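Colleague: Here it is: the structure, laid out below.
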Amino acid sequence: MTGHGRADAGDLARRLAEQVEAVCRHYLSAGRRYGNYWLVGDVRNTAGRSMYVRLHCPSEGRRAAGRWADAASGEYGDLLDVIRESCGLLDFRDVADEARAFLSLPHPEPRPVSRADHPAIDRSPSGYTEAARRLWVMTRPLPGTLAAAYLRHRDLKRLPDSTALRFHPTCYYRPDDDGPTETWPTLIAAVTDLDGTLTGVHRTWLAADGSGKAPVDVPRRALGDLLGHAVRFGVASDVLAAGEGIETVLSLRQVLPDLPLTACLSAGHLAAMVFPPLLRRLYVVRDDDPAGDHALETLAGRARDAGIDLIALSPRLADFNDDLRHLGPAALRAILHPQLAPQDVARFLETAPP
């Protein structure tokens, strides 16, 4: 991205998000609206339903509009990426011109290019992975930190005996609107491959007292190589439970402490998860939304082909953390009991301490 490109990108993406459904109808005409999502086959406007675009997301605010992910391929991005891929454009200048034409905006006057337009940052996938590893080195163990306090506020009191979660007291947060960089205490999760090699990190910026998330627009972000990798709690062998969110899978940990768990961080990455070689039964901790439905559908097909028994686990409320917090551990055990395979009830549920 050169010249005025970087500054333009944020402004154009915001303007496009304000007209997100019109953008989808124009550039993703092979899809259609389902509730708060636009569903289509992929970002190149193929018929189907594996890609979903957020039209409106009250829980995440206005900035979530226009964000999209493809449950089949693991791709994700914003509406500028939709324009680039659906129109087959390569250069950002062409993407910006197309976006301005759609928005009926004038072309900006060129300005001199300065060194600030080209900061010396490696933005390749390997560069992002290396940045994630540098951040991980600067973290500290979880016990006794604000991150541990945050998890306790979510009723996640039985923390995993692993190095998957750590704490950074002053992690940088850069707003999407190019506002000033801030620092917040942060829960850091390790994203690893099946061999345990760190490929990325997931950050949850926290309030100064650890009572909740930080008051920022996007309090959760991932960094690094994510596709096929996950945040892992326990070593998977023949049985594994996989879900999207860290807090969701840790809620199961409270009543099933010996069940290996993975958090894939999004529906798209859940659908694209890499199966451990000895896996024979996969529990999918599902989210009740279109993205979660399509991730489950994709995984079911992949599991069938791999000879893996797939069982969906459904919460009673919005998600399993809500079940844990509002109904309690005993109710969560009762909710899970009929959904588990009988042999896993004896193996994981009945042997777990209360």
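The values are calculated or read from the model by the stated rules, or taken from the named source; none is laboratory data. All figures in this text were calculated on a predicted structure; none of them were measured in a lab. Please note: Cβ atoms are built from the backbone with ideal geometry, for glycine as well, and neighbour counts cover all protein chains shown.
Colleague: Which residues, counting only those in the stretch 243-259, are modelled with pLDDT under 95 and more than 18 Å from Ser314 (Cβ to Cβ)?
Modeller: If the condition is that a residue be modelled with pLDDT under 95 and more than 18 Å from Ser314 (Cβ to Cβ), then Pro257, Asp258 are the ones that fit.
Colleague: Right, next: Give the residues of the stretch 254-269 that are part of a loop (DSSP other than H, G, I, E, B), over 12 Å from Gly292 (Cβ atoms) and in contact (Cβ under 8 Å) with a residue 40 or more places away in the chain, sorted by residue number.
Modeller: Gln254, Val255, Leu256, Pro257, Asp258, Leu259, Leu265 - these are the residues of the stretch 254-269 that are part of a loop (DSSP other than H, G, I, E, B), over 12 Å from Gly292 (Cβ atoms) and in contact (Cβ under 8 Å) with a residue 40 or more places away in the chain.
Colleague: Considering each of Ala148, Ala208, Ala222 in turn, give the residue that is in a loop (DSSP other than H, G, I, E, B) and farther than 16 Å from Pro260 by Cβ.
Modeller: Answer to the check: Ala208.
Colleague: Looking only at the stretch 11-58, which residues are surrounded by fewer than 17 Cβ atoms within 10 Å (Cβ to Cβ), within 20 Å of Asp293 (Cβ to Cβ) and hydrophobic (A, V, I, L, M, F, W, C)?
Modeller: Ala30, Ala47, Cys57
Residues checked against (1) surrounded by fewer than 20 Cβ atoms within 10 Å (Cβ to Cβ); (2) over 17 Å from the mean Cα position of the chain (by Cα):
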{"site": "Leu259", "(1), (2)": "no, yes"}
{"site": "Pro315", "(1), (2)": "no, yes"}
{"site": "Asn321", "(1), (2)": "no, no"}
{"site": "Gly328", "(1), (2)": "yes, yes"}
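Colleague: Do we have any residue at all in the stretch 177-190 that's surrounded by fewer than 20 Cβ atoms within 10 Å (Cβ to Cβ), under 20 Å from the mean Cα position of the chain (by Cα), of a type outside the set (Asp, Glu) and not in a strand (DSSP E or B)?
Modeller: The first filter runs over the stretch 177-190 and keeps only residues surrounded by fewer than 20 Cβ atoms within 10 Å (Cβ to Cβ), leaving 177-183.
Now drop any that are not under 20 Å from the mean Cα position of the chain (by Cα), which leaves none.
No, the stretch 177-190 has no match at all.
Colleague: Turning to a different aspect of this structure: Quick one: Ala236 ticks every box in (1) in contact with a helix residue (DSSP H, G or I) (Cβ under 8 Å, 6 or more places away or on another chain); (2) not in a strand (DSSP E or B) bar one, so which box is it?
Modeller: The failed condition is (1).
Colleague: hydroxyl-bearing (Ser, Thr, Tyr), modelled with pLDDT under 95 and more than 24 Å from Ala64 (Cα to Cα): which single residue out of Ser266, Ser237 fits that description?
Modeller: Ser237
Colleague: From Asp293, Asp323, grab the single residue that is in contact (Cβ under 8 Å) with a residue 40 or more places away in the chain, over 22 Å from Ser237 (Cα atoms) and acidic (Asp, Glu).
Modeller: On the way: Asp293 fails: in contact (Cβ under 8 Å) with a residue 40 or more places away in the chain.
When all the criteria are applied, what remains is Asp323.
Colleague: Any chance you could count how many residues in the stretch 212-227 are touching a helix residue (DSSP H, G or I) at 6+ places or on another chain (Cβ under 8 Å) and at pLDDT below 95?
Modeller: 7
Colleague: Failed condition for Val345, given (1) in a helix (DSSP H, G or I); (2) buried (at least 18 other Cβ atoms within 10 Å of the Cβ); (3) among the hydrophobic types (A, V, I, L, M, F, W, C), with all others met?
Modeller: All conditions pass for Val345, except number (2).
Colleague: If you check Leu151, Leu194, Leu146, Leu135, which single one turns out to be touching a helix residue (DSSP H, G or I) at 6+ places or on another chain (Cβ under 8 Å), aliphatic (A, V, I, L, M) and touching a residue at least 40 places away in the same chain (Cβ under 8 Å)?
Modeller: When all the criteria are applied, what remains is Leu151.
Colleague: Here's a follow-up. Is there a residue being without any contact (Cβ under 8 Å) to a residue 40 or more places away in the chain, more than 25 Å from Asn36 (Cβ to Cβ) and touching a helix residue (DSSP H, G or I) at 6+ places or on another chain (Cβ under 7 Å) anywhere in the stretch 270-278?
Modeller: Among the residues of the stretch 270-278, at least one is without any contact (Cβ under 8 Å) to a residue 40 or more places away in the chain, more than 25 Å from Asn36 (Cβ to Cβ) and touching a helix residue (DSSP H, G or I) at 6+ places or on another chain (Cβ under 7 Å), which makes the answer yes.
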